[in-house]
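S.K.: Got a structure for you, written out below as structure tokens; questions coming shortly.
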Amino acid sequence: MMTLGEIVAWIPLWLLRASVFVFGLLWGSFLNVVIYRVPLDMSVVFPGSHCPGCGKPVAGYDNIPVLSYVILRGRARCCGARMSPRYPLVELLGGALSLAVFEVIIRSLPGSMGIGRAAAIYAADFALCLGLVAAAFIDLEHMILPDRITLGGVVLGIATATLRGSSFRESIVGALIGLLMIWFPLIFLFKGLTGRNGMGLGDAKLVALAGAWFGWPGAVFTLFAGAFQGALYAMVMKVLGIELKLPKAVQDDIDRLKKAAAEGDPEAIAELEEDPLTESEGDAFILRWIRTGLEKLGLVRPKSETAATEAPADEEAEEEEPPQRTWMPFGPFLILACLELLFAGDLIAAQWQALFASG
């Protein structure tokens, strides 16, 4: 069997890059099907692609990644319905991540490695990327993280541990620690104290996925880097005056449940009482924790000082309105941290070691 070095020497590098990019575009097109159908419990295989506007099947020549969207100017050929820009964005992400896996991971492997093992490593890491992208967009639109992606990613991480230079033990321990880091304090204890979930279990499973792929240090990094990045995003949105609202699909589902509950549906009443969106409370807890750290570092002004500065001089000023609940899915920020580990894990580890060594 040929080695990786022989393949790279035999096939022009530009052709390899173009091939893996196009391969990623094709899988990105399939991801759009996954993102749309999985939350609706639909098959991702049957029926074939169809127009979201009129339901007619989409012809193959109208289903070319990115190009079809550009040629049709973002509208369906059959009925003129507008297509979401998410479609070409996800396709481009698929191509970019496929190319990144090749450039950052595969090209760093020893040239003496057999092409079969190198291809298996590419397939595993690219599959992780695809699952993470699908989970991020599903969480953004529906505020859920499907088990078939999170738990499937955990299983894949454990199954490919030795292939990727780790061990089954390290992968399993990492997954368990990742799960317990969120489940015990923010779900088990929080619910015991308040009667409500502190975070969604999907977030815990996602951190478990990080542990299965990157060990327990990766799970720790994913949780805190994701929280930090989420806090920064929330602060930027607040500065810009952009309100973080519930996604339309989630609001529609809540309205449906409220209507059914008003009609006496016991299942709808139970769902509303359980409040599957209380994961935002756990997110708020983490955001407050991050803000406190930034205040201690002097990077942001303490809320007490801000309130004192902005307080009206008139004692009869209107009472302050209660703070509105911030709706922000945590999953995409955890996923961003996972991708950072995948492509820059060695650099991150080196920076941490240097930080602790200097301390």
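The values are calculated or read from the model by the stated rules, or taken from the named source; none is laboratory data. From a predicted model like this one, the values you see are computed outputs, not experimental measurements. Note that each Cβ is placed from the backbone with ideal geometry, even for glycine, and that neighbours are counted across all protein chains shown.
S.K.: Hey, can you tell me all the residues within segment 59-83 that are in contact (Cβ under 8 Å) with a residue 12 or more places away in the chain, closer than 15 Å to S29 by Cβ and surrounded by 13 or more Cβ atoms within 10 Å (Cβ to Cβ)?
M.R.: Of everything in segment 59-83, those that are in contact (Cβ under 8 Å) with a residue 12 or more places away in the chain, closer than 15 Å to S29 by Cβ and surrounded by 13 or more Cβ atoms within 10 Å (Cβ to Cβ) turn out to be D62, N63, P65, V66, Y69, M83.
S.K.: Right, next: Mind checking which residues of segment 219-276 are assigned to a helix (DSSP H, G or I), among the aliphatic types (A, V, I, L, M) and in contact (Cβ under 8 Å) with a residue 60 or more places away in the chain?
M.R.: Listed by number, the residues that qualify are L223, A225, A227, A231, A234, M235, A249, V250.
S.K.: Is it the case that segment 123-142 has a residue that's β-branched (V, I, T), in the same structural domain as V34 (by TED's automatic domain parsing) and closer than 23 Å to V34 by Cβ? Please lay out each step first, then the result.
M.R.: First pass over segment 123-142, keeping only residues β-branched (V, I, T): 133, 138.
Applying the additional criterion that residues be in the same structural domain as V34 (by TED's automatic domain parsing) yields 133, 138.
Still in the list and also closer than 23 Å to V34 by Cβ: 133, 138.
Within segment 123-142, one or more residues are β-branched (V, I, T), in the same structural domain as V34 (by TED's automatic domain parsing) and closer than 23 Å to V34 by Cβ.
S.K.: Follow-up. Looking at segment 181-195, can you tell me whether even one residue there is at pLDDT below 95 and of a type in the set (G, A, S)? Even if it seems obvious, please write down each step before you answer.
M.R.: Kept after step one, since they are at pLDDT below 95, are these residues of segment 181-195: 181-195.
If we keep only those that are of a type in the set (G, A, S) too, we end up with 192, 195.
Looking through segment 181-195, at least one residue is at pLDDT below 95 and of a type in the set (G, A, S).
S.K.: Give the residue that is farthest from I106 (Cα to Cα), with candidates limited to residues of segment 5-28 that are among the small types (G, A, S) and modelled with pLDDT under 95.
M.R.: The selected residue is A9.
S.K.: Within segment 107-125, work out how many residues are within 17 Å of A161 (Cα to Cα) and of a type in the set (S, T, Y).
M.R.: 1
S.K.: May I pose another question? Against the conditions (1) in contact with a Leu (Cβ under 6 Å, 6 or more places away or on another chain); (2) among the hydrophobic types (A, V, I, L, M, F, W, C); (3) loosely packed, with under 12 Cβ neighbours inside 10 Å, where does C54 fall short? Just the number, please.
M.R.: Failed condition: (1).
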